[in-house]
Amino acid sequence: MRILWLIFIGWCVTSCDSNGPVKEFYETSSTFDQLVWYDEFDQDTLDSTKWSTVIGDGCPALCGFGNNELQYYTNSPENVKVSEGKLVILAKRDHMGSSEYTSAKLISKGKGDWKYGRFEFKARVPDGKGTWPALWMMPTLDNIRWPNDGEIDIMEHVGYDPGVVHGAIHTENYNGMLGTQKVDSLNVATASEEFHVYALEWEQDRLAWYIDETMFFELKKTDINEADWVFDKPFHLIMNLAVGGNWGGRHGVDASAFPQTLEVDYVRVYQ
């Protein structure tokens, strides 16, 4: 098991000087023992050298981002901000265009892209029927063919099923449109009240999902069709809070539950 330890600031100055101050870190296994990228959200504003904001509702090509979601993503500080050492993504009832809600979606594409590693998010998810927060990864390609090029969901949670956290992959033959995605879940009763560490370890022939120190899902290259193991190219990180949609809104949306927030204390990448 990894143990909690402190990395001294002096070490950080020599080893990760571009990433800012360091808090506490989990010591990784020997496979992933080098911290290569992180955001502690200790600045006053979002670090634009690490994150880009997605703007819009996915139209005209994919209204609702292909999932019939109800939000319009903005870069407004009302929807995304850094506050008290945490990233806060807020979804609220707020008409914009044809959307009845606004929220935010951040991506590290072109600013943080990796093939293999350990990816950690310390986060607290919202509650409320209709919320759909996600911490996930997509290939860093100019023209992504979904689901053929792959998707890795490190953490997803839907508000109508509180406390149940999911990890999954989507590929050409294993995807949500067909209901064949490779997925598993773990019950985290305090997911909306407390911060938990959601992590993925990605190796050449293996993916493993963790919540805090519990591995709840493992997928090996030999577990699926060889052609569907498309996890051999750089991927980038995504953080978003959707409203409604094919999954998040399966049992409707409780408008009275909003506003809701997805809070992230840190993001860390080890290789």
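Things to note:
- Expected-Rg normalisation [2.2 N^0.38 Å, Cα atoms] applied to the range 151-271: 1.12
- Cα-centre dipole for the chain with unit charges at Cβ (Lys and Arg positive, Asp and Glu negative), debye to 20: 360 debye
- The range 132-219, dipole about Cα centre (Lys/Arg Cβ +1, Asp/Glu Cβ -1), debye to the nearest 20: 240 debye
- Selection of GluC sites (Glu not before Pro), the range 25-92, meeting DSSP coil and at most 14 other Cβ within 10 Å: Glu27, Glu78, Glu84
- Efficiency of FRET between Arg93 and Thr190 - r from beta-carbon atoms, R0 30 angstrom, step 0.05: 0.70
- GluC sites (Glu not before Pro) within the range 191-271, DSSP loop, no more than 13 other Cβ atoms inside 10 Å: Glu193, Glu194, Glu213
- Ranking by accessible area, most exposed first, for Arg118, Arg124, Arg93 with a 1.4 Å probe: Arg93, Arg124, Arg118
- Note on the range 136-203: dipole from Cβ charges, positive end direction compared against Val158, Trp146, Val183; the farthest Cα belongs to Trp146.
- Residues considered: Gly97, Gly176, Gly58. Largest GNM mean-square fluctuation over the chain, using C-alpha springs under 10 Å, is found at Gly97.
- Net dipole in debye of the range 107-153 [+1 Lys, Arg Cβ; -1 Asp, Glu Cβ; about Cα centre; nearest 20]: 180 debye
- Other-chain or far-sequence residues with amide H under 5 Å of Lys105's (modelled H): Val54, Thr74
- Ligands, DNA and RNA excluded, the heavy atoms of Asp223 present near 80 Å² of accessible surface to a 1.4 Å solvent probe.
- Residue order for Phe235, Phe195 - accessible surface, 1.4 angstrom probe, largest first: Phe195, Phe235
- Stokes-Einstein translational diffusion, the chain - Kirkwood Rh over all Cα pairs, 0.890 mPa s, 25 °C, in µm²/s: 130 µm²/s
- For the range 17-176, with +1 on Lys and Arg beta carbons and -1 on Asp and Glu, the positive-most of Gly66, Thr45, Trp136 along the dipole: Gly66
- Three-way shape label, the range 139-214, alpha-carbon gyration tensor, a/c 1.5: prolate
- 22 Å Cα-Cα threshold exceeded, pairs from Lys50/Lys233; Lys81/Lys105; Lys86/Lys129: Lys86/Lys129
- Distance between the 7 Å Cα→Cβ label points at Asp223 and Leu141: 2.3 nm.
- Annotation: extensible slack from Gln34 through Val164 equals 43.7 nm (criterion: 0.36 nm per residue apart, minus Cα-Cα distance).
The values are calculated or read from the model by the stated rules, or taken from the named source; none is laboratory data. None of these values were measured; they are calculated from a predicted model. Glycine also receives a Cβ, built like all others from the backbone with ideal geometry; neighbour counts cover every protein chain displayed. To get the accessible areas, we keep the full protein, side chains included, count just its heavy atoms, and leave off ligands, DNA and RNA. Shrake-Rupley method; radii C 1.70, N 1.55, O 1.52, S 1.80 Å.
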